[in-house]
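Comments concern the structure below.
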Amino acid sequence: MKRMDDAQSPGPEYERRWYTEHTALLITTLKWALLGAAAGVCVGLGTGAFLWSLAAATDLVRRAAVGHLRPYDALPLALPAAVWLVRRFAPEARGHGTEAVIAAVHQRSGRIDWTVAPVKLVATVVTLAFGGSVGKEGPCAQIGAAITSLFADLLHLNDEDRRRLVICGIAAGFAAVFGTPVSGALFGVEVLYLGRIEYPVLFPSLVAGIVAHLVTSTPPPVAGVEAAGLASLGHLQLVLLSIAFGIVFGLVAFALIESMRLAGALLHRFAARPYLVAAVGGVALAIGYTLAGEFVSGLGTDTIQAALAGTAPIPSFAWLAKIAATAVTLETGGSGGIVTPLFFIGSTAGAALAHAAHLPTGAFAAFGFVAVVAAAANTPVAAAVMAMELLPGPIGVYAALCAVTAFLVVGHRSVYASQKLGFSKSAGLEVPLDGYVGELDARALRVRQGSLTERAHRMLDKPGRRRRASGPRRGGHSAAPRKPPADTGDAPPG
């Protein structure tokens, strides 16, 4: 009995392990708490400067409009100006910004030229002030990444620590501009991969996001969601509706991603004439806004709020018009983010679908608000947390279910082509992990052997194969036997 007690009692080795382990954990926690807080302060100040500049420039442009002229009438000049700024001073600032930041994290340990921040700020202000259909979070992500990359240079951090600090800067930028410290920070961490979260950087990113939010004090993007009509629906109905709406929102995100890809492919042949492309894009946007309505231009926050509140009718084509405007703005050279357009597309699509189905428009607009972001950006966890962080009562829970459904339905594609593939969304498919989403094509997707998907394909292929095998015989003789195909590792024929 005495020997058993001695064997079970902790000895010097256990005490030494406890001391070593928790000393290391304490040092790491303090180190990244300080670095995360410093990143949050710097990025919060930079984001605040950007938001102030954007508001001031937008107000100035509206005041300068003379007679019947509207701000977006100057887009044929504003977009080429934005293109010139980016091409001349910081080519990395092209497009919606987050794309270049993700690529820098994966390929260069987060190294970003500090000049990206001011150039991205000015180019986005020019695009948005005149009505370009972009968002304001992309510049904040690039501002955060550029500031923290410069910070890492000053501190002489190694590549791994630099990479983590830059991710903190991205998370702080999203948290500051969204007005949602937790989901914004999670978005910055989750957006790097499709289906993977880097837990080592989760703690400092949350610290950076909360501090940046406190510095900027940006109000949340949602207020006064109309949810009274949900009381008449049962829990089972809400679960089924959440899944059904999630499928539709996944297809809406699919439409946006493919529209941007198609626009980029069509305009690639004119890459040698960027200013002409930008000018033509500005003309197309001005004509489109005149036909569809000015509410499609710019950030569209008033329309988003009207859809969520359920107080004003939203045109049923609003989400389609926004998809077209966003694709044209970004692919012809406009500078800005893409998440705010995703909010617009999701909320207006949800309002239109709910109105057609005679359901509460405000509540289901909120479903679309988070679900399209989850699908198009592959950030279901951040979207689910945002739903519960912003939306009242049961709306947040069911909106989270809707968001995760949309994430699965959109497939292995994203508005951020530089995302890395972290997992397969279906057990029936094999995808090349650690590859880039933008490089994935149909040839790289393979049906997993032994899965239900393979069995379904074999069942569907059998009738066609039987018809081919039972063709007419010539001269009463049977067809000569064919040599079996070589073993390529594919699934055997049905």
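Derivation of every value follows stated rules applied to the coordinates shown; laboratory data play no part. The structure displayed is predicted, hence computed values, not measured ones. Note: ideal-geometry Cβ built from the backbone for every residue, glycine included; neighbour counts use all protein chains shown.
Modelled label-to-label distance, Leu429 and Asp441, 7 Å Cα→beta-carbon offset: nm?
1.7
5 Å is the cut-off here: which amide hydrogens, built 1.01 Å from N in the peptide plane, fall below it relative to Arg446, excluding neighbours closer than 5 in sequence?
Amide H to amide H, under 5 Å and 5 or more residues apart or across chains, Arg446 pairs with Glu430.
Taking amide H positions as placed in the peptide plane 1.01 Å from N, state which residues far from Val134 in sequence (5 or more) or on other chains have amide H under 5 Å from it.
Those qualifying (amide H under 5 Å, at least 5 residues apart or on another chain) are Gly298.
With n ≥ 4 as the cut-off for DSSP H runs, can you work out [θ] at 222 nm for the chain, using -39500 (n - 2.57) per run divided by the number of residues, rounded to the nearest 500?
-21500 deg cm²/dmol
Read through the labelled values (i) 25.3; (ii) 24.5; (iii) 23.2 and report the label of the one computed as Kirkwood radius over Cα pairs in Å from the structure.
(ii)
Ordered by residue, what ³J(HN,Hα) values in Hz, to whole numbers, does the range 19-36 give under the Karplus form 6.51 cos²θ - 1.76 cosθ + 1.60, where θ = phi - 60° and Gly and Pro are x?
Once θ is set to phi - 60°, the couplings for the range 19-36 become 5, 5, 5, 6, 5, 5, 5, 5, 4, 5, 5, 5, 4, 7, 5, 5, 5, x Hz.
Got a sec to turn the phi values of the range 297-314 into Karplus ³J(HN,Hα) couplings, 6.51 cos²θ - 1.76 cosθ + 1.60 with θ = phi - 60°, whole Hz, x for Gly and Pro?
7, x, 5, x, 5, 5, 5, 4, 5, 5, 5, 6, 6, x, 9, 9, x, 10
Around Gly435, which amide H atoms from residues at least 5 apart in sequence, or from another chain, sit under 5 Å from its own amide H, with H modelled in the peptide plane?
Those qualifying (amide H under 5 Å, at least 5 residues apart or on another chain) are Leu421.
Return a whole-number percent for the relative contact order of the chain, with Cα pairs under 8 Å and 6 or more residues apart as the contact set.
18
Could you work out how far apart the two model spin labels at Leu236 and Ala357 are, taking each label as a point 7 Å from the Cα in the direction of the beta carbon, and quote it in nm?
Placing both labels 7 Å along Cα→Cβ, they lie 1.7 nm apart.
In angstroms, what radius of gyration and Dmax does the range 29-216 have, counting Cα atoms only?
Cα only, the range 29-216: 16.7, 59 Å (Rg, Dmax).
Express in nm, to one decimal, how much length is gained between Phe203 and Ile247 on full extension, taking 0.36 nm for each residue of separation and deducting their alpha carbon distance.
Contour length minus Cα-Cα distance gives 12.6 nm.
How many nm is it between the label spots at Ile27 and Trp114, if each spot is 7 Å from the Cα in line with the beta carbon?
2.9
Kindly state, to the nearest 0.05, the FRET efficiency for Leu154 paired with Leu408, given R0 = 35 Å and r defined as their beta-carbon distance.
The computed FRET efficiency comes out at 0.25.
Before anything else, pin down the relative contact order of the range 228-430: Cα pairs under 8 Å, at least 6 apart, normalised by residue count, whole percent.
Across the range 228-430, relative contact order equals 27 percent.
What list of ³J(HN,Hα) couplings, whole Hz, do you get for the range 134-142 from phi and the Karplus terms 6.51, -1.76, 1.60, once you set θ to phi - 60° and write x for glycine and proline?
Ordered by residue, 3J(HN,Hα) equals 9, x, 10, 7, x, x, 5, 5, 6 Hz.
Test of understanding: what is the full-extension gain from Leu45 to Ser316, defined as 0.36 nm times their sequence separation minus their Cα-Cα distance?
93.7 nm
For the range 391-461 and the range 171-235, what is the centre-to-centre distance using only Cα atoms, to the nearest Å?
So the two Cα centres are separated by 23 Å.
Within the chain, count lysine pairs with alpha carbon atoms under 24 angstrom apart where the residues are 8 or more positions apart or belong to different chains.
Close lysine pairs found across the chain: 5.
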